[in-house]
Every structure is written in C-alpha cells, then in structure tokens.
Amino acid sequence: MSTPVDQLTLISGWGAPVGMIESWVDGLAAEVAALSLDDALLADSPTFDAAVDTLLARTCGRQWLVGWSLGGLLAMAMAQRAPERVAGVITVCTHPCFVSRDDGDTGMAPGTFAGFREGLERHADRQWQRFMRLQVHGTPDGRRQLAPWLESGAPASEAVLSRTLEWLAQVDQRRTWADVNGKVPVRHLFGRRDPLVDPACADSLRAQGGDARQLDDLFHWPFGDTATQVRWEIEAFLDEYRAGQAA
C-alpha cells in the first residue's frame, strides 16, 4: 500500500478491547480512531441506535470503517445512516442477523444464545471468559495468545456487557446490508473455522450480489498469522478502491 488513507475508524467486538485487533490497521491510515465497546464509549448509549449516534459523534470527516463482530454491525449502521461520512466498510466475522430468525438461516440458534444470556446473568465474569475462549475454540495457540487479554479482564461493566449482548439478539441487518452495499464500498470477511458465526453466511451474501470472502484458517478472533491475513485483506480492499477511483 503506497499511501495510507486519510481516516479510519476501527470498532471492536462484544466484550473485547480494541487492542486485540489494532494490528489489523497499523499504518493503513494517517489517522486511526480505535474504539472499544466499553463503559467510556457506551455508558450513555441505552440502545443500539443510540450507540450509532455516539460513534458518529466521535468521528469527524469521511471515514473508512473496520468493524469486528458486533463492531461490524455498528459500522454498517453508521454507513446506512450517514453514507456521506463513510468512504467504505470492512466487516470481520460479523453476521447481519447474529441470532437465527428463520429455519435454515445461518444465525446462531436462539437456544444457544439464550444460554449465553443466562450465563451472563448468573456470573458475568465467568461467562465473559467463556465467550472469549470460544472465539478460538480448538486451537491451543489461540488460547495462549488470548491469555493476557483474559488476565486483563472485561473492558466493560456488567451492565454494558448485558446491554450490548442484547443488541446481538435484537439487531437484524439483512436488509440494511443490501441497502448499504449500493451506497458505499463494502467487503465482508468470514472465517471457515469461526465457532460463533457460520461462514456459510458468505455464500448467502454473494448470492445476493455482496462482496464476501471466506478465509480458510480464520477463527472468530483473528490472531497470529490470521491477523496478518486480515490486514492484507483490508489493505487489498483499500488499494482496489483507490485503483478504481484513479481509473
């Protein structure tokens, strides 16, 4: 990538500090706003829509948006609400409708999600750790790399964790994604080894004309070499857009 883009906002996922993903965009923009969905950002955002307002208020100028998991839902909502403020969007391991609404779709089973909700109500810290570990389920190396983040603890209070978990249950952006795709450049990245978001969602999006890619070795949290791969994908998307603008 010859020249960084001007401005980029990176939005983290549920219960995850943005430091876990900052390497994805290091050096790709002259100005990077790296945002965790923590108390400092969301204490005064009682709803998903209010959080979108908060994020738009925190950004200035025309931004590239990179969102991971829940952060991707927020990025797409920002693009729908203010497309003139968004240069483009990259989502990573984000499902437009995280909890299944219809038979045969690719969202998480409602009963499985209900288990997460109930666990958070009983013992928030233990359930947060379980959710974090599940993102790298099946890889000892991932668990090792995750350990320092677990030791640091959740970046948000129990109230914010509970509220933002409900957003994953409530938000259905299947129509939103089709609408945004016609307004700004968008690319969705999925992991074939993701235990939380079904990578088959990429097939559904491509069938509808969306730009979606499956990365073979990617878990829900891209770490190590897969984090580098995600960075390459982001960089390639930025380059493709600028080449198209120059043509």
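Looking at 47, 3, can you tell me which residue is at pLDDT below 95, out of contact with any strand residue (DSSP E or B) (no Cβ under 7 Å at 6 or more places or on another chain) and farther than 15 Å from residue 72 by Cα?
When all the criteria are applied, what remains is 3.
Looking at the stretch 110-125, which of its residues are open to solvent by 50 Å² or more (accessible area, probe 1.4 Å) and either in contact with a helix residue (DSSP H, G or I) (Cβ under 9 Å, 6 or more places away or on another chain) or not in a helix (DSSP H, G or I) (or both)?
110, 117, 118, 121, 123, 125
Pick from the stretch 68-107 the residues that are of a type in the set (Ser, Thr, Tyr) and crowded, with 22+ Cβ neighbours inside 10 Å: which of them is farthest from residue 187 (Cα to Cα)? Working first, answer last.
In the first step, residues of the stretch 68-107 are kept if they are of a type in the set (Ser, Thr, Tyr); the result is 69, 91, 94, 100, 106.
The next check asks that each one be crowded, with 22+ Cβ neighbours inside 10 Å; those that pass are 69, 91, 94.
Values: 69: 14, 91: 7, 94: 11 Å.
The selected residue is 69.
For the stretch 97-109, does any single residue satisfy the condition of being among the basic types (Lys, Arg) and closer than 30 Å to residue 7 by Cβ?
No: zero hits.
Can you name the strands (runs of 3 or more DSSP E) wholly within the stretch 1-94 that have at least 2 residues being of a type in the set (A, V, I, L, M) and touching a residue at least 40 places away in the same chain (Cβ under 8 Å)?
Once the strands (runs of 3 or more DSSP E) in the stretch 1-94 are filtered for at least 2 residues that are of a type in the set (A, V, I, L, M) and touching a residue at least 40 places away in the same chain (Cβ under 8 Å), what remains is 5-11, 63-68, 86-92.
Could you run through the stretch 190-204 and say how many residues are in contact (Cβ under 8 Å) with a residue 40 or more places away in the chain and open to solvent by 20 Å² or more (accessible area, probe 1.4 Å)?
The total comes to 5.
Exactly one condition in (1) surrounded by 20 or more Cβ atoms within 10 Å (Cβ to Cβ); (2) closer than 16 Å to residue 162 by Cα is not met by residue 39; state its number.
(1)
Tell me yes or no: at least one residue of the stretch 126-142 is in contact (Cβ under 8 Å) with a residue 24 or more places away in the chain, open to solvent by 70 Å² or more (accessible area, probe 1.4 Å) and touching a helix residue (DSSP H, G or I) at 6+ places or on another chain (Cβ under 8 Å). Break it down stepwise before answering.
Filtering the stretch 126-142 down to residues in contact (Cβ under 8 Å) with a residue 24 or more places away in the chain leaves 128, 131-132, 134-139, 141-142.
Next cut, open to solvent by 70 Å² or more (accessible area, probe 1.4 Å) only: 137.
Restricting the remaining residues to those that are touching a helix residue (DSSP H, G or I) at 6+ places or on another chain (Cβ under 8 Å) gives none.
Taking every residue of the stretch 126-142 in turn, none turns out to be in contact (Cβ under 8 Å) with a residue 24 or more places away in the chain, open to solvent by 70 Å² or more (accessible area, probe 1.4 Å) and touching a helix residue (DSSP H, G or I) at 6+ places or on another chain (Cβ under 8 Å).
If you check residue 132 against the conditions, is it at pLDDT 95 or above, farther than 30 Å from residue 240 by Cβ, out of contact with any Cys (no Cβ under 6 Å at 6 or more places or on another chain) and in a helix (DSSP H, G or I)?
Taking the combined requirement at face value, the residue satisfies it.
The values are calculated or read from the model by the stated rules, or taken from the named source; none is laboratory data. All values derive from a computational prediction rather than experimental measurement. Quick reminder, even Gly has a Cβ in these numbers, built from the backbone with ideal geometry, and neighbours come from all protein chains shown. We work out accessible area using only protein heavy atoms, side chains counted, and drop any ligands, DNA or RNA first. Shrake-Rupley method; radii C 1.70, N 1.55, O 1.52, S 1.80 Å.
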